[in-house]
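The values are calculated or read from the model by the stated rules, or taken from the named source; none is laboratory data. This is a predicted model, so every value here is computed, not measured. Note that we place each Cβ from the backbone using ideal geometry, even for glycine, and neighbour counts take in every protein chain shown. Note: accessible area is taken over every heavy atom of the protein model, side chains too, but ligands, DNA and RNA are not part of it. Shrake-Rupley method; radii C 1.70, N 1.55, O 1.52, S 1.80 Å.
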Amino acid sequence: MKLVFAGTPEVAVPALDALIASGRHEVAAVVTRPDAPAGRGRRLVASPVAERAEEAGIEVLKPARPRDEDFLARLREIGPDCCPVVAYGALLPRTALDVPARGWVNLHFSLLPAWRGAAPVQHAIMAGDEVTGASTFLIEEGLDSGPVYGVLTEEVRPTDTSGDLLTRLAFAGAGLLVATMDGIGDGTLHAVPQPADGVTLAPKITVEDAQVQWSAPALRVDRVVRGCTPAPGAWTLFRGERLKLVQAVPVLDRADLAPGELSAAKNNVYVGTGSHAVELLWVQPQGKKPMRAADWARGVRIVHGELLGS
């Protein structure tokens, strides 16, 4: 088939690479979000998908909005059979959805209908799911509600951050997306409606969502830290400033600390929760680089009974 691929962040690049390498389909163009300011200089930078497409000599379309008539006209000129999508980052209007004869097919990083929305991997970790996966489905105007072509499953490991899990799903999902394109192209694959039961939502994780509540159990604190790593980053307050929590682990044999209470030894830093303590392994003070929690504690000279949190 002739394809127009839509995607923006680094997590979409493995799928684009797999489609380019498949040999069965032509990636005629790529749709991505416009260049965005990045870095200290805030200069405009192309998305990872745009950079990869340009390296491969593929036309790149960067509409400010996918409903822009110039973009729609060019899409019609290209005449794609199908438009595979991975983390594009903008809602597609009906005028765009109607262009490819076989629709827009999204690779979504959950087992639909679970975790429909922008942050399925983060929510799966924060909810304590033991298994998640990826799904390919036909995009409709509803939120991730279209019929499903294929799925794969992936174990959520006890130490997974959302970054770890998303990386594995990006590469496994790339193969699923290619297989889906193959099946649609040769007519052997047909989408099946999602079940009405089991729908959960995964809205974008905000900075406020990422604030650790020390009154919660240790396992909940652990899931929030892992689910919010690398972005937006779990955090707490220490002496009125934000302290990012890069890595922390539950310590199930220690329950002598009040919620948020700090205890620092030579090589260990513990914090009380609503159940057992957690050990801070890596932290990032405001305006500084990540550092070992023990080094941070020595530098700030924690006072006995001092608390983290508001």
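Residue count for the stretch 54-91 under the criterion of being at pLDDT below 95 and in contact with a Lys or Arg (Cβ under 7 Å, 6 or more places away or on another chain): the result is 2.
Filtering the stretch 267-298 to residues that are open to solvent by 60 Å² or more (accessible area, probe 1.4 Å) and on the phi < 0 side of the Ramachandran plot leaves ASN267, HIS276, TRP282, GLN286, LYS288, LYS289, PRO290, ARG292, ASP295, ARG298.
Restricting attention to the stretch 146-163 and to residues that are touching a residue at least 12 places away in the same chain (Cβ under 8 Å) and part of a loop (DSSP other than H, G, I, E, B), the residue that is farthest from LEU176 (Cα to Cα) turns out to be THR159. Here VAL251 does not qualify as buried (at least 19 other Cβ atoms within 10 Å of the Cβ) and touching a helix residue (DSSP H, G or I) at 6+ places or on another chain (Cβ under 9 Å).
Inside the stretch 107-145, can you point out the residues that are assigned to a strand (DSSP E or B) and either touching a Cys at 6+ places or on another chain (Cβ under 6 Å) or open to solvent by 20 Å² or more (accessible area, probe 1.4 Å) (or both)? Once the filter is applied, which keeps residues that are assigned to a strand (DSSP E or B) and either touching a Cys at 6+ places or on another chain (Cβ under 6 Å) or open to solvent by 20 Å² or more (accessible area, probe 1.4 Å) (or both), the stretch 107-145 yields ARG116, VAL131, LEU138.
The residues of the stretch 214-243 that are over 26 Å from GLY89 (Cα atoms), open to solvent by 70 Å² or more (accessible area, probe 1.4 Å) and under 22 Å from the mean Cα position of the chain (by Cα), listed by number, are LEU219, ARG220.
For the stretch 46-91, a residue qualifies if it is touching a residue at least 12 places away in the same chain (Cβ under 8 Å) and on the phi > 0 side of the Ramachandran plot, and the qualifying residues are GLY79, ALA87, GLY89.
Within the stretch 165-212, restricting attention to residues that are farther than 13 Å from HIS123 by Cβ and part of a strand (DSSP E or B), the residue that is most open to solvent (accessible area, probe 1.4 Å) is VAL192. Among the residues in the stretch 257-271, are any among the hydroxyl-bearing types (Ser, Thr, Tyr) and assigned to a loop (DSSP other than H, G, I, E, B)? No: the stretch 257-271 contains no residue that is among the hydroxyl-bearing types (Ser, Thr, Tyr) and assigned to a loop (DSSP other than H, G, I, E, B).
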